[in-house]
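Q: Pasting in a structure now, in structure tokens, and then I'll have a few things to ask.
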Amino acid sequence: MYRVVKELSFCYGHRLLDYQGKCAHPHGHNGRVEIEFGAERLDHRGMVIDFVDIKAEVKRFLDEELDHKMLLRRDDPLTRILQDLREPVFVMEQNPTAENIARVIFDYAQGRGLPILSVRLWETESSYAEYRPERK
């Protein structure tokens, strides 16, 4: 299998519900995303995917939907308050953990038909979460 990895970054805020600790309070991260793509065969250009296409699709999604936004669970009371104040919010069905954010990015890329294998979201310099679906 051929593989390519693209690293992207974005800044975001979040807080976790049903959590005891500092992450229960609004705070922010400088997230680094590693997106892995793969294919058994290369396309007519000799590529798994063009890095330009990754930037056009996935980087655009990060910039428009996640960057400099508060990522909040739908039932978080802050969601409605920030929306009423016209503050930038990205609403998630699940708690906005690094694991769930990685899954959101994966699902977006997969929905665009990209040959995605996995997404790693580095929440800090020393900690990341990864979403990689189970192979059949």
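Q: With the condition being surrounded by 19 or more Cβ atoms within 10 Å (Cβ to Cβ) and charged (D, E, K, R), I'd like the strands (runs of 3 or more DSSP E) fully within the stretch 66-136 carrying at least 1 qualifying residues.
A: Per the criteria, 69-73, 116-124.
Q: Looking at the stretch 27-42, which of its residues are over 25 Å from VAL91 (Cα atoms), exposed (fewer than 13 other Cβ atoms within 10 Å of the Cβ) and either modelled with pLDDT under 95 or not charged (D, E, K, R) (or both)?
A: LEU42
Q: From the residues in the stretch 12-26 that are surrounded by 12 or more Cβ atoms within 10 Å (Cβ to Cβ) and either of a type in the set (Asp, Glu) or in contact with a Gly (Cβ under 7 Å, 6 or more places away or on another chain) (or both), which one is nearest to ARG60 (Cα to Cα)?
A: TYR12
Q: If CYS23 satisfies all but one of (1) closer than 23 Å to SER126 by Cα; (2) modelled with pLDDT of 95 or more; (3) part of a helix (DSSP H, G or I), what's the number of the condition it fails?
A: The one condition CYS23 does not meet is (2).
The values are calculated or read from the model by the stated rules, or taken from the named source; none is laboratory data. Remember, it's a predicted structure, so these values are computed and weren't measured experimentally. We place every Cβ from the backbone using ideal geometry, glycine too, and count neighbours over all the protein chains shown.
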